[in-house]
Every structure is written in C-alpha cells, then in structure tokens.
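Structure first, then comments.
The values are calculated or read from the model by the stated rules, or taken from the named source; none is laboratory data. The model shown is predicted, which means the values in this text are computed figures rather than measured ones. Counting neighbours? That spans all protein chains shown, and the Cβs are built from the backbone with ideal geometry, glycine included.
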Amino acid sequence: MIELKSLTKRFAQHTAVDALSFSVQPGEVLGFLGPNGAGKSTTMKMLTGFLAPTAGTASIFGHDIRTRTLQAQRLTGYLPEGAPCYGDMTVRGFLEFIAEVRGFRGAEKRARVERAVAQVELERVLGQDIETLSKGFKRRVGLAQAILHDPRVLILDEPTDGLDPNQKHQVRQLIQGLAQDKIVIISTHILEEVSAVCSRALVIAAGRLVADGTPLELERRSRYHQAVTLVADGPLDEQAFAALPGVAGIERNAAEHSLTVLAQPDAVILPQVNALVAARGWTIRELNVERGRLDEVFRTLTRGEAA
Amino acid sequence: MSQLPVIFKRELASYFATPLAYVFILIFLVLSGVFTFYLGGFYERGQADLTPFFSFHTWLYLFLIPAIAMRLWAEERKSGSIELLMTLPITRFEAVTGKFLAAWVFAALALLLTFPMVVTVNYLGEPDNGVIVAAYLGSWLLAGAFLAIGSCMSALAKNQVIAFILAVSVSFLFIVSGLPMVLDAFAWAPQWLVDAVASLSFLVRFDSISKGVIDLRDLLYFLSLIVAWLAATAVVVDLKKAQ
C-alpha cells in the first residue's frame with residue numbers, strides 16, 4: 001500500500017503540497033483531482049522520487065521514498081505529465097532501454113516489450129522515431145514504458161490529456177483492464193474520467209486535501225443530487241413544485257418551460273414530482289433525475305479553499 | 001545490479017542517432033590536420049614526432065568538447081525526459097557517470113580516427129611510439145577534464161547554447177591559468193599562490209604528458225578534476241532538475 005504522512009513540499013515562494021496524509025490500498029484506482037497548481041503533479045513527483053519532500057514522507061509498500069528511493073521506484077511505473085520520451089529513439093529502442101534499466105535481459109526483455117506493445121497497440125509504429133509520432137501514440141509509448149515491468153503501483157499524471165475521445169476511451173479501458181491487486185493513481189481534471197475509472201476520488205486544493213470518497217459520494221454532495229429536471233410543452237407552476245415535501249428549491253433553465261427541482265439532502269423527490277405532474281395534467285417531454293454534478297462539487301470544494 | 005552500462009549504451013547510441021556525431025568527427029579530423037600541417041609546421045620541422053599534432057589539442061578541445069557535452073543534461077531538462085530518467089530505479093551516480101563515459105568514449109573514437117597521423121610519421125621516420133601512446137593517453141584525459149566541466153555546465157543551463165558558452169568560458173580559465181600573462185598578474189602574490197594557479201592549468205599538465213612524461217601527479221590531476229566536476233554535476237542535476 002501507499003502511505004503519505006504529512007507530505008509537504010515548499011518552494012521558495014509558496015507551499016505546493018501542505019501536509020498531505022492519506023493511504024491507498026491495493027486494488028484501488030485513485031482519481032487525484034484539483035485545479036491547476038493545486039499540487040497534484042508535485043505530489044506525484046515526490047511519490048516517484050523525482051522531488052524530495054520538504055517535510056513529512058511517504059512509503060510505497062513499506063519503502064520510504066526518502067531513504068529507500070530505489071526500492072520504491074522499482075515497484076512503481078510512472079507516466080510524467082506530457083509523457084516525455086527520448087524523441088530520437090525508435091519506439092522499440094526506447095522500450096528496450098526501459099526494459100534493460102528495469103533489469104530485464106534477453107528473452108525476458110523481448111517478452112516484456114512485446115507484451116507492453118500489445119497492451120497499448122503500438123505494433124504499427126515500433127520502428128519509428130518517437131518524435132515523428134502523433135500525440136496519441138506518444139502518450140501510448142509513455143504508458144507502455146510505465147506498465148512494462150508489471151508494477152504494483154502505477155502513477156499516471158494526466159494520462160488522457162490532449163487525446164481524442166477514442167484514445168481516451170482506450171486509455172481508460174487499459175487502466176480498467178489492469179490486474180486487480182495494483183494501486184493506480186491518476187491525476188486529471190476531466191471529471192467524467194473519475195466516474196468512469198476510479199474507485200475513489202481525492203480532491204486537493206492549494207496543496208490540501210478537501211475531499212476524499214467514492215465518486216458516488218462526491219456526487220451526493222452536489223446540490224443537484226436527486227434533482228429532477230423537467231421540460232414541458234406548456235408553462236409549469238413553480239410554486240406548486242416548491243411546496244412539495246423534500247424540495248429544496250427551484251431553478252429555471254435556459255430552455256423554455258424547463259425547470260430543475262432541487263432535492264433536500266438525502267431526500268428522493270421523484271414520486272412527489274410525478275404525482276404533481278399527473279394531477280395537473282402537464283405534458284412532459286423530458287424528465288431527468290440527476291446523480292449530481294461533479295463539476296459543481298469540484299468548483300464548490302476548490303473555490304472555497306482558494307478564497 | 002548496476003545500470004550504468006545501460007545508461008552508457010543509450011547515451012552513446014544517441015550521439016549517432018543524428019548526423020551531428022559524424023559532422024563533429026569530421027571537423028575534428030580536418031582541424032587537427034590543419035593545425036598540424038599548417039600552424040604546426042609538421043614537415044618544416046623535419047622531426048619524426050607528433051608534437052605539432054598534440055600541442056594544439058588544448059585549443060581544439062576548448063571549442064569542440066563543449067559541443068559534445070552541451071546536450072548531456074540540457075536536452076534532458078528541455079524535453080522533460082529528465083523526469084523519466086530520474087524516476088527510473090537508477091542512482092544519480094549511474095546517470096551522471098554513464099552519460100559522461102558515453103561522451104568520453106565518443107571523444108576517444110574521434111581521437112582514434114587520427115591514426116593516419118601515426119601511420120604518416122612512422123612512414124616518414126622513426127618516431128618514439130611510446131611517446132605517442134603517452135600523448136594520446138594525455139590527450140584523452142584532457143578531453144575527459146573538458147567533458148566533465150561541460151557536463152556540469154550542461155546541467156546548469158537548460159539551453160544548449162548557454163551550456164556551450166558556459167563550458168567554453170570555464171574551460172578557458174583552466175587553460176589560461178598557466179599562461180605567463182595571467183601569472184604576471186599574480187606578481188604581487190606569494191610564490192605558492194602563483195604556483196597553485198599555474199598548477200591548475202591544462203596547458204602545463206598536458207605539455208609534459210604530450211612530451212611522453214607520464215607523471216603520476218599529472219594523471220591524478222586530470223582524474224581528480226574529472227571526479228570533482230562530475231560530483232558537482234550530480235549536485236547541480238539535483239538542484240535544477242525540477243525547474
């Protein structure tokens with residue numbers, strides 16, 4: 001498992017990561033969320049041994065990242081932000097280099113490279129120089145080097161940033177397809193990604209932890225959780241909706257004759273709304289029960305901290 | 001298990017990934033020929049030795065070696081691949097030394113390709129080949145010292161051109177510290193200081209080796225200079241890698 005104990009990084013002017021403490025168990029896919037500059041990348045750089053913490057520490061399966069850096073690095077696969085590679089090498093040459101650094105030789109080296117290449121579908125470009133590849137392929141080369149040694153810990157800094165929807169889908173599938181006993185940490189600011197692949201979401205702002213829970217729990221914090229959005233053919237009676245039990249408020253939407261009825265925390269208001277619509281005989285064209293809006297939760301959580 | 005050879009191999013191969021390596025070797029060979037035959041008066045001297053060839057190496061290296069060294073770290077930082085390299089399970093020692101050795105072996109290759117000089121002088125007369133071998137060794141050590149300085153400067157600058165200029169400047173100081181005009185400027189100083197400054201000079205040290213005199217102190221001088229600058233490189237890499 002990974003354990004952070006008041007991990008702190010201060011640069012000359014500001015504190016990038018401020019006494020961050022949490023632990024991650026094998027099998028968890030952790031989504032690391034936060035606005036730009038919140039300290040996501042800095043935390044990852046410390047976990048991978050690139051930056052030394054100013055205070056506090058972290059351990060990866062018992063190996064302290066400050067004193068047993070190499071052992072921790074052996075267990076970890078890392079995709080740095082922007083997936084930097086050696087552009088003048090071919091894909092095969094680069095992956096073989098990584099395999100050798102990871103201590104594989106001969107037949108095992110070839111098998112490892114082949115397996116990683118198959119996992120991210122790089123067969124077509126094996127002989128090409130990395131600098132001539134498209135962004136999507138470069139990212140996949142970065143992923144291939146990270147998973148090559150079948151690491152127990154995989155740390156991916158914005159793995160889908162700048163990819164097209166198909167490529168994003170592929171990367172997500174790859175992450176989901178990884179063995180169940182791994183720890184995966186993904187940083188992102190694409191919120192649907194969190195619902196799609198993560199079993200746990202962690203929000204940080206200004207270097208501090210502001211929320212920690214499953215994506216579902218985060219959605220539940222939204223004021224839109226269990227809200228009902230209606231689009232009708234004719235005018236709707238706002239007052240009547242507001243008077244229903246369990247209703248927290250009404251929001252008018254941009255579209256004509258469209259309302260969003262907000263639910264009080266832990267209340268389910270769909271039955272009441274349905275009953276009212278039936279009683280008044282309104283014609284409803286669309287009806288949506290929302291799970292909650294992650295982006296709204298994200299904004300509330302991170303803006304509050306920054307203010 | 002030491003990963004130094006893996007780093008070394010990748011680095012050396014990357015020199016030949018672009019035409020730059022061949023261009024460099026070509027320039028080195030042409031210039032050393034020009035210096036030997038025109039400036040050094042190889043034929044006019046009428047002596048079967050390679051003194052005119054080696055005596056210009058210090059000045060040749062001043063500009064050519066920083067060109068080999070400038071990419072060692074600056075490029076890694078510019079492209080961000082340093083983050084990849086330094087999060088792989090290798091030590092800083094392996095990274096710094098592996099890269100340096102690759103550059104040093106590359107320099108050795110360029111040096112070895114000057115073998116027609118040896119053939120020529122052996123054809124024309126009967127030189128002392130022991131002296132020639134010693135001078136080659138000295139020249140290689142000299143290149144190593146320049147390279148170690150260049151490696152540190154490359155870690156200091158993100159821009160390769162700046163790395164080059166810094167390396168040339170620092171190397172220049174190490175050359176001129178033995179010239180009379182610099183030493184004269186220290187006329188006010190006690191003799192031991194003048195000697196200390198003079199003893200730092202590449203020119204003085206290399207001059208004796210290129211004449212075939214292998215003094216243990218000269219060898220130690222070059223080797224300790226290399227070690228010191230590589231240690232400095234490791235420190236600078238650590239300080240600067242995240243910027």
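Within region B:32-52, the set of residues being surrounded by 14 or more Cβ atoms within 10 Å (Cβ to Cβ) and either in contact with a Phe, Trp or Tyr (Cβ under 6 Å, 6 or more places away or on another chain) or farther than 16 Å from residue B:118 by Cα (or both) comprises B:35, B:36, B:52. Counted as qualifying within region A:1-120 are the strands (runs of 3 or more DSSP E) with 1 or more residues that are more than 14 Å from chain B (Cβ to nearest Cβ) and crowded, with 18+ Cβ neighbours inside 10 Å, namely A:2-10, A:15-24, A:29-33, A:55-60. Would you mind stating whether residue B:62 is more than 14 Å from chain A (Cβ to nearest Cβ) and surrounded by 20 or more Cβ atoms within 10 Å (Cβ to Cβ)? Spelling it out, it is not the case that residue B:62 is more than 14 Å from chain A (Cβ to nearest Cβ) and surrounded by 20 or more Cβ atoms within 10 Å (Cβ to Cβ). One residue alone among B:54, B:16 is more than 30 Å from residue A:150 (Cβ to Cβ) and more than 13 Å from chain A (Cβ to nearest Cβ), and that residue is B:54.
Selection of region A:143-200 for residues being charged (D, E, K, R) and free of Cβ contacts under 8 Å to residues at least 40 places away in the same chain yields A:150, A:164, A:168, A:172.
Checking each residue in region A:1-22 for being among the hydrophobic types (A, V, I, L, M, F, W, C) and within 22 Å of the chain's Cα centre (by Cα) picks out A:1, A:2, A:4, A:7, A:16, A:17, A:19, A:20, A:22. Whether a residue is buried (at least 17 other Cβ atoms within 10 Å of the Cβ), of a type in the set (Phe, Trp, Tyr) and farther than 24 Å from residue B:91 by Cα was assessed, and residue B:186 does not pass this test. Among the residues examined, residue A:280 does not qualify as under 20 Å from residue A:189 (Cα atoms) and either surrounded by 14 or more Cβ atoms within 10 Å (Cβ to Cβ) or not assigned by TED's automatic domain parsing to the domain that holds residue A:194 (or both). Scanning region B:191-211 for residues being in a helix (DSSP H, G or I) and either crowded, with 17+ Cβ neighbours inside 10 Å or in contact (Cβ under 8 Å) with a residue 12 or more places away in the chain (or both) gives a total of 12.
The set of residues from region B:212-237 being of a type in the set (D, E, K, R) and crowded, with 16+ Cβ neighbours inside 10 Å comprises just one member, B:218. If you check A:131, A:96 for being at pLDDT 95 or above and not hydrophobic (A, V, I, L, M, F, W, C), only one passes: A:96.
When we screen A:256, A:251 for residues that are part of a loop (DSSP other than H, G, I, E, B), on the phi < 0 side of the Ramachandran plot and either β-branched (Val, Ile, Thr) or not assigned by TED's automatic domain parsing to the domain that holds residue A:44 (or both), the only hit is A:256.
For region B:1-10, taking the residues that are of a type outside the set (Val, Ile, Thr) and at the interface with another protein chain (Cβ under 10 Å from one of its Cβ atoms), the one that is surrounded by the fewest Cβ atoms within 10 Å (Cβ to Cβ) is identified as B:1. If you go through region B:212-243 and keep only what is farther than 23 Å from residue B:72 by Cβ, in a loop (DSSP other than H, G, I, E, B) and touching a Leu at 6+ places or on another chain (Cβ under 9 Å), you end up with just B:214. Of all residues in region B:148-160, none satisfies being in contact with a Gly (Cβ under 9 Å, 6 or more places away or on another chain), surrounded by fewer than 21 Cβ atoms within 10 Å (Cβ to Cβ) and assigned to a helix (DSSP H, G or I). Filtering B:165, B:175, B:132 for residues that are away from chain A (no Cβ under 14 Å), modelled with pLDDT of 95 or more and part of a helix (DSSP H, G or I) leaves a single hit, B:165. The residue of region A:121-142 that is surrounded by the fewest Cβ atoms within 10 Å (Cβ to Cβ), among those that are touching an Asp or Glu at 6+ places or on another chain (Cβ under 9 Å) and touching a residue at least 40 places away in the same chain (Cβ under 8 Å), is A:131.
Residues in region B:75-103 that are away from every other protein chain (no Cβ under 14 Å), surrounded by 23 or more Cβ atoms within 10 Å (Cβ to Cβ) and either over 14 Å from the mean Cα position of the chain (by Cα) or aromatic (Phe, Trp, Tyr) (or both): B:96, B:100.
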